[in-house]
Amino acid sequence: FSLVLFSLFLTIMPPAFHYLKMKKSRKLYVSKNLQDFFPEITIFLPMKNESINVKRKLNEVNSMSYPREKLNLLVIDSGSSDGTREIAEEYLNSKSDFFNWEIFSIDLPGKSRAVNKALEVIETPFIVMMDTDAICPPDSLVKLMKNFSNPTIGGVCGHQNPSFGKKEDPYRSRFNDIRIGESSFHSTPIFEG
């Protein structure tokens, strides 16, 4: 019985201590001396069967407040069967003011395959990957890229914001506390789109 309790203690306590330490450290994370920073970037949208979201997302990307000449768009359709690629292509061809864009299709589905294809073809120094169902305010790119004015920052990850209608669940809240806390020390091992 004591072995079971000891094993339980070893299983629960290290993650609990890590969480408490990161929750406290989250308060230390403050981006200092950030300046406007506008390098050339590629917005990468991996998609599979996103016919419902594709126009809204492309409208959102088109309304981003970032210098137009510095924006590129890459859409990778990953085996959609609902016309996602065709909808995206039709939309982009109808917008004469849309910046530089490309669409690729890959036969095998999977976000990892789409990311690997994107890494093969993107040539800009910065990549911003967005999920098609994610909602980003127009100033998202400006805020995001400011972080890179600090040369010690190599990656920036967004997080779920409950102010967009969904109540944040406790798991996601704790997960974000841990990631931000880890970032105040060095870096987080977990990135999302």
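The values are calculated or read from the model by the stated rules, or taken from the named source; none is laboratory data. Since this is a predicted model, take the numbers as computed values, not measurements. With ideal geometry, Cβ positions are generated from the backbone for all residues, glycine too; neighbour counts draw on all protein chains shown.
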Item to check | Single match in V128, V115, V156 (criterion: touching a Leu at 6+ places or on another chain (Cβ under 9 Å), of a type in the set (A, V, I, L, M, F, W, C), at pLDDT below 90 and under 30 Å from S25 (Cβ atoms)) | outcome: V156
Next on the checklist: Condition first: of a type in the set (S, T, Y) and within 24 Å of D177 (Cβ to Cβ). Now tell me which residues in segment 1-18 satisfy that.
Outcome noted: T11
Item to check | Filtered residue count, segment 90-122, keeping only those that are over 13 Å from S80 (Cβ atoms), of a type outside the set (S, T, Y) and exposed (fewer than 15 other Cβ atoms within 10 Å of the Cβ) | outcome: 10
Checklist entry - Does Y66 qualify as being in contact with a helix residue (DSSP H, G or I) (Cβ under 7 Å, 6 or more places away or on another chain), hydroxyl-bearing (S, T, Y) and closer than 24 Å to S149 by Cα? => result yes
Checklist entry - Which of the residues belonging to segment 112-142 are among the charged types (D, E, K, R) and either on the phi > 0 side of the Ramachandran plot or within 13 Å of the chain's Cα centre (by Cα) (or both)? => result D131, D133
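Residues checked against (1) touching a helix residue (DSSP H, G or I) at 6+ places or on another chain (Cβ under 7 Å); (2) farther than 22 Å from V128 by Cβ:
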position	(1), (2)
A16	no, yes
L20	no, yes
K23	yes, yes
I41	yes, no
G83	no, yes
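Listed here are the residues, each with its yes/no results for (1) among the hydroxyl-bearing types (S, T, Y); (2) part of a loop (DSSP other than H, G, I, E, B); (3) in contact (Cβ under 8 Å) with a residue 60 or more places away in the chain; (4) surrounded by fewer than 18 Cβ atoms within 10 Å (Cβ to Cβ).
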{"residue": "L8", "(1), (2), (3), (4)": "no, no, no, yes"}
{"residue": "L20", "(1), (2), (3), (4)": "no, no, no, yes"}
{"residue": "S51", "(1), (2), (3), (4)": "yes, yes, no, yes"}
{"residue": "L74", "(1), (2), (3), (4)": "no, no, no, no"}
{"residue": "D82", "(1), (2), (3), (4)": "no, yes, no, yes"}
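Any chance you could count how many residues in segment 53-72 are part of a strand (DSSP E or B) and polar (S, T, N, Q)? Don't jump to the end; show me each part of the working.
Initially, segment 53-72 is screened for residues part of a strand (DSSP E or B), giving 71-72.
Now drop any that are not polar (S, T, N, Q), which leaves 72.
The number of residues fulfilling the criteria is 1.
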